[in-house]
1. Does Ser161 meet the test of being modelled with pLDDT of 90 or more and surrounded by fewer than 17 Cβ atoms within 10 Å (Cβ to Cβ)?
2. So, Lys322, is that one part of a loop (DSSP other than H, G, I, E, B) and at pLDDT below 80 or not?
3. Here are Ser122, Ser94: which of them is assigned by TED's automatic domain parsing to the domain that holds Ile311, among the hydroxyl-bearing types (Ser, Thr, Tyr), over 20 Å from Leu64 (Cα atoms) and buried (at least 21 other Cβ atoms within 10 Å of the Cβ)?
4. Just give me the residues in the stretch 272-288 being touching a helix residue (DSSP H, G or I) at 6+ places or on another chain (Cβ under 7 Å) and not polar (S, T, N, Q), in sequence order.
5. Considering only residues that are among the polar types (S, T, N, Q) and in a helix (DSSP H, G or I), which ones fall in the stretch 380-404?
6. Return yes or no: is Asp180 free of Cβ contacts under 8 Å to residues at least 60 places away in the same chain and surrounded by fewer than 18 Cβ atoms within 10 Å (Cβ to Cβ)?
Amino acid sequence: MKKLKNYLRFKYKFVYILIFLFIIHYKKHKIHKFIKKKPSKKDIYYKEKFPKRDKSFNKAKNFLKKCLKGISINKIINITKIPIISAIINFHNSKKTLTRAIKSIQNQNILNIEIILVNDFSSDNSLSIAKNFQKTDSRIKIINNKKNMGTLFSRSIGVLSSKGKYIFHLDSDDMFLDKDVFSTIIKIAEKGCFDIVSFKCIYLDYGKNILKNRIGENHLNFHHNNKVLYQPELGLYPVKPGKRLGKYRVIENYLWSKCIKTEVYQTTLHKIGKKKYSRYMRFEEDRAVIYALFNIAESLKYVGKYGILQIRTHGSMTRRKKNLLERFRCKLYFADIVIDFNKEAFKNRKLLVYIITFLIKDNHLKKLVRNKYYKNIFISCVERFFKYRYISDRDKILVRKRLSRLKFLKYQK
């Protein structure tokens, strides 16, 4: 009897294993059939072998030496082809750094580039430097602001006037690291049909002997190399801005570390509207545009290529003393744009709650709302906040309690 029982147990186990293997095989076959109709994952997730940080900087050293000495790298360039890339530099009083920024674009091994220089009402000889470059390079287009409009507006008019398929931003005190930055990133964007490709950057502080300064890496660039965050053609929607992928925060604050499809970028700016992108914004402008882009773009990939060398000059925006009232005003503008782009499909409740509560808490709100224009923007933000159905009643109650402290605003249900 014992032998018979053991035999039957073995037989049943064997049958269960066969059924289990059959189910796995069937599911795999079904998934394989489904994926066959769509782009191959190998095309999307192929591995790139990029040089490490120190090697990338060493490659850029020779070029940087030439730039610092004022040596001309390229001859007269006349290109009649339709550009594949629009490289945009907005500058304001950047006579010391503008030359190397422009040359780092001219030095790329892709020739059909449109170079757009946006002069944000410079008072030094930055404009004359730009015009001298334009004489020897027909790809350069100069746009002049009638008054100092800030980074958001300058970048926006550059993007709206661009003709290339992809857009790269560059600050006037930075430079591209190597000759193959554009060609490498565009190849990845074209192969995977990505709307946005984000790459890495390194930085150093400006000094007398800039080539011996210690290099560092931006903390927001510690992303997952060669990671696709969302790609609808493959049915992948694992992450959206503001959420977390492990320990990594997905949303980044910088536009200059990205290659963006022009069509997507221009659509985003049209949706933001001229009234909003024409505001004078020196803070939070990157975050506002990136948040909007991430909600419109349908595909995004991070790669391990070091593309930008950020040179931190003493007069740059990040190194200046912060005007707290101006920063708060830009936070209010940022909230105004973010609320407009909060899709129903993108259930990011926490970010909206954080923004509104931040504005309410800050002492600068009382000063700012003395102006009717800013007061109306704030009231509009609050009213739109309460209309979103994805925000929980608990969060709405929390915000209402904090709003009750404000005498100028009597919000009703």
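1. In short, yes.
2. Spelling it out, Lys322 is indeed part of a loop (DSSP other than H, G, I, E, B) and at pLDDT below 80.
3. Ser122
4. Listed by number, the residues that qualify are Ile272, Lys276, Tyr277, Arg279, Met281, Arg282, Phe283, Glu284, Glu285, Arg287, Ala288.
5. If the condition is that a residue be among the polar types (S, T, N, Q) and in a helix (DSSP H, G or I), then Ser380 is the only one that fits.
6. Criteria not met by Asp180.
Conditions (1) of a type in the set (A, V, I, L, M, F, W, C); (2) within 15 Å of Gln108 (Cβ to Cβ); (3) in a loop (DSSP other than H, G, I, E, B), marked per residue:
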| position | (1), (2), (3) |
| --- | --- |
| Lys147 | no, no, yes |
| Ser156 | no, no, no |
| Ile167 | yes, yes, no |
| Phe199 | yes, yes, no |
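Condition check ((1) touching a Ser or Thr at 6+ places or on another chain (Cβ under 6 Å); (2) hydroxyl-bearing (Ser, Thr, Tyr); (3) touching a residue at least 60 places away in the same chain (Cβ under 8 Å); (4) surrounded by fewer than 23 Cβ atoms within 10 Å (Cβ to Cβ)) across all residues:
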residue	(1), (2), (3), (4)
Leu269	yes, no, yes, yes
Lys274	no, no, no, yes
Tyr277	yes, yes, yes, no
Tyr280	no, yes, yes, yes
Phe283	no, no, no, yes
Ala292	yes, no, no, no
Glu298	no, no, yes, yes
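The values are calculated or read from the model by the stated rules, or taken from the named source; none is laboratory data. Being a predicted model, the structure only gives us computed values, none of them experimental. Positions of Cβ are backbone-derived with ideal geometry, glycine not excepted, and every protein chain shown enters the neighbour counts.
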